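The values are calculated or read from the model by the stated rules, or taken from the named source; none is laboratory data. Model, not experiment: these values are computed from the prediction. No Cβ is skipped: glycine too gets one built from the backbone with ideal geometry, and neighbour counts run over all protein chains shown.
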Amino acid sequence: MPGLALKVNGRGVELAASHEASLLHVLRNDLGLNGPKFGCGLGQCGACTVWVDGRAARACVIPAHGVAGREITTLEGLGTRDHWHPVQQGFEDAQAAQCGYCLNGMVMQAAALLAREPNPGEARIRSELSGNLCRCGTHVEILAAVQRAALRIAEGAGT
């Protein structure tokens, strides 16, 4: 198998991976990062969302070799146990989890939005998260979580 060099959560990693391997497969199976989830496998549900060079992207449809040398950030690299990202804290504060399967994608997509646009309105948040599916119906809590995170950032409790 060809060698693959990635930068994941701020550290360089090298591994053997086939050219057909998706970024999601490499992150979960080879690197043991379980934040991104396999949902639909078509890039439509958002459970596998990661950042590629700071932009939200669907890891299940990205060939791992296609992002060699680029900065990959997963949920594990967003915050730490001792210092959560404001979006992670917002989800905790708003109790915006039920089954938790969509959370990776929701958090990563919302954090990408707030990095670009620190004070989005409700309509903008809804639009940004519209491609992330939540089957449990915690949409109201998720919206509140992102709004709380935006307030934390505005108050200087940012990343």
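Scanning the range 105-127 for residues that are surrounded by 19 or more Cβ atoms within 10 Å (Cβ to Cβ) and under 22 Å from Glu76 (Cβ atoms) yields Gly105, Met106, Val107, Met108, Gln109, Ala110, Ala111, Ala112, Leu113, Leu114. Residue check: Asp82 meets all listed conditions (1) surrounded by fewer than 17 Cβ atoms within 10 Å (Cβ to Cβ); (2) assigned to a helix (DSSP H, G or I) but one, namely (2).
Out of Gln147, Gln95, I need the residue that is at positive phi and touching a residue at least 40 places away in the same chain (Cβ under 8 Å). Which one? Being at positive phi and touching a residue at least 40 places away in the same chain (Cβ under 8 Å) holds for just one of Gln147, Gln95, which is Gln95. As a summary of the residue check, Ala112 satisfies the conditions (1) at pLDDT 95 or above; (2) of a type outside the set (Asp, Glu); (3) within 24 Å of Leu27 (Cα to Cα); (4) touching a Pro at 6+ places or on another chain (Cβ under 9 Å) except for the one numbered (4). Residue-level check: of (1) part of a loop (DSSP other than H, G, I, E, B); (2) surrounded by 18 or more Cβ atoms within 10 Å (Cβ to Cβ), Ile72 misses just (1).
Scanning the range 132-140 turns up at least one residue that is modelled with pLDDT under 95 and in a helix (DSSP H, G or I).
The single condition among (1) under 22 Å from His139 (Cα atoms); (2) surrounded by 20 or more Cβ atoms within 10 Å (Cβ to Cβ) that Gln89 does not meet is (2). Checked against (1) touching a helix residue (DSSP H, G or I) at 6+ places or on another chain (Cβ under 6 Å); (2) not in a loop (DSSP other than H, G, I, E, B), Asn29 meets all criteria but (1).
Of the residues making up the range 6-38, those that are among the small types (Gly, Ala, Ser) and at pLDDT 95 or above are Gly10, Gly12, Ala21, Ser22, Gly32, Gly35. Filtered by the rule that a residue be surrounded by 10 or more Cβ atoms within 10 Å (Cβ to Cβ) and either within 17 Å of Leu33 (Cα to Cα) or in contact with a Phe, Trp or Tyr (Cβ under 6 Å, 6 or more places away or on another chain) (or both), the range 1-13 gives Leu4, Ala5, Leu6, Lys7, Val8, Asn9, Val13.
Of the residues making up the range 141-159, those that are assigned to a loop (DSSP other than H, G, I, E, B) and more than 16 Å from Met108 (Cα to Cα) are Glu155, Gly156, Ala157. Sub-7 Å Cβ pairs linking a first residue in the range 20-36 that is aliphatic (A, V, I, L, M) and crowded, with 24+ Cβ neighbours inside 10 Å to a second residue that is assigned to a loop (DSSP other than H, G, I, E, B) and at pLDDT below 95, at least 6 apart or interchain, are Val26/Ala17, ordered by first then second residue. Residues that are outside any strand (DSSP E or B) and either within 25 Å of Arg135 (Cα to Cα) or touching a Ser or Thr at 6+ places or on another chain (Cβ under 7 Å) (or both) within the range 1-26 comprise Met1, Asn9, Leu23, Leu24, His25, listed in sequence order.
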